[in-house]
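Below is one structure, written out as structure tokens, with a few remarks after it.
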Amino acid sequence: MFDRDKWTEILEALTANTFRTILTAFGVFWGIFILVILLAAGNGLENGVKKGFSGMATNTMFMWTQPTSKPYKGLPQTRKFNYKNDDVPALKESFPDLLYVSPRNQLGGIDQKNNVVRGTKTAIFNIYGDYPEFVKQKSMDIIKGRFVNYQDIELRRKVAVIGQGVITGLYENAEEVIGTYIKVNGINFMVVGVYKTKGNNNGNAEQEQKNIFVPFTTFQQAFNFGDKVGWMAITANNNASITDLKPKILEFMKSRHSISPDDERAIGNFDLFAEFKKILGLFTILRFIAYFVGTLVLLSGVIGISNIMLIVVKERTKEIGIRRALGATPGAIRSQILLEAIFLTISAGMLGIAAATGILFVINKVLDGMPNKDTMMFANPSVDLSVVFFALIILVGSGLLAGLIPAQTAIKIKPVDALRTE
């Protein structure tokens, strides 16, 4: 039941020395403020990194060939080999937990001469031969037209999907690109789609817009690749881990291409899922650090409140003695001191949460207004309700901790001794 007199007394006690109370409460205010800001900053960084992976199948590994490092079955060291078309169905058949096995080939790059022509304009772009599944593995959006489909694969159509960077290099402003033709290494391809990469692609967003995708089978036929496969993008089902499957996949591919089981160099690979898990583990550590640092700062504020409450108890020794003489129980004295400490702690803490929320609101407004927000490694710094609830629990516990020692000191005061105090 609400006791108006008790709360009036608490407010009078805390406002008796307003400046001291404000300085004391600032420690708790600052501790909660730092805790919320640190957690929000960690979430903002995590959101930014995850945005860079958005649309990408993270349960993926990439696999390519390299010269062998050991002789095997009469074959020499430093032997070069290539994957073949039939490796793809063999992998799917041997590993039912694989969702996508996308063979890829590539032309172009900084070491190549101008390989793409449109009218009088020439440029150097990366040309990829891909299957339709690759759009589900790569972080890209088709903003016009379509991606490569299976009819393109079966009929070996000379169609292409281009990025915004290709449009900038080969087309005039506002020129329609769908249905136009570009010439790749002397062969005409009709543009059927335009893509845009999602996120920042690990800081390589601009370069990722300068790619051209064509059907895999068309690529092999047009550029005389035969049944050669340059590399593969392999994605596992959600109920399996590509990291766990990787050793068996590498062993399987080594056996198909007569490579020594001990040769660690012949098959190059990059485990995207393992790297993604490392990043998530880093954010777990950052979250722990935020809680640790914020709690330490908050604890220093709680110690300050406890010290001030001890001073308040000493200043009110005579008052406490009179109340004891008039019949106040030790429990009543204890609850009064504890309520004062909890009220001061929670008030300061809630102000800290409100201030941090205001700062985060302003930061989010600024970030939303930035022109390069889609490529930033920092996005939507915020905390959820569970963090606020946790902070409230910390505040209540801190208030009890801050008032416990002063309360115990207060109930040890004997009425006779208290009344003698000047």
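In table form, for the structure just shown:
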quantity: Of Lys210/Lys254; Lys136/Lys183; Lys136/Lys246; Lys228/Lys248; Lys254/Lys277, pairs whose Cα-Cα distance is over 25 Å; calculated: Lys210/Lys254; Lys136/Lys183; Lys254/Lys277
quantity: Label-point separation in nm, Ala355 to Leu367, each point 7 Å along Cα→Cβ; calculated: 2.2 nm
quantity: Distant-in-sequence amide H partners of Thr65 (H built 1.01 Å from N, under 5 Å); calculated: Gly268
quantity: Additional length obtainable on full extension of the chain from Ala90 to Ala274, 0.36 nm per residue less Cα span; calculated: 63.8 nm
quantity: Debye, to nearest 20: dipole size of the range 114-175, +1 on Lys, Arg Cβ, -1 on Asp, Glu Cβ; calculated: 100 debye
quantity: Label point distance in nm, Leu400-Asn238, each placed 7 Å from Cα along Cα→Cβ; calculated: 4.1 nm
quantity: Dipole in debye (nearest 20) - the range 144-213, about Cα centre, beta carbon charges: Lys, Arg +1; Asp, Glu -1; calculated: 200 debye
quantity: Distance from the range 205-265 to the range 146-170 (C-alpha centre basis), Å; calculated: 20 Å
quantity: Tensor-based shape of the range 158-308 (alpha-carbon gyration tensor, a/c under 1.5 rounded, otherwise prolate or oblate); calculated: oblate
quantity: Rounded, prolate or oblate (a/c below 1.5 giving rounded, otherwise prolate when a/b exceeds b/c) for the range 86-189 by Cα gyration tensor; calculated: prolate
quantity: Within the range 82-161: Cβ-based charge dipole about Cα centre, in debye rounded to nearest 20 (Lys, Arg +1; Asp, Glu -1); calculated: 580 debye
quantity: Glu340, Glu133, ranked by accessible area, largest first (probe 1.4 Å); calculated: Glu133, Glu340
quantity: Computed label-point distance, nm, for sites Thr168 and Asn185 using a 7 Å Cα→Cβ extension; calculated: 2.6 nm
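The values are calculated or read from the model by the stated rules, or taken from the named source; none is laboratory data. It should be emphasised that the depicted structure is a prediction, and the values quoted were computed from it without experimental measurement. All Cβ positions, even for glycine, are placed from backbone atoms using ideal geometry, and neighbour counts span all protein chains on display. Accessible surface is based on the protein model in full, side chains and every heavy atom, while ligands, DNA and RNA are left aside. Shrake-Rupley method; radii C 1.70, N 1.55, O 1.52, S 1.80 Å.
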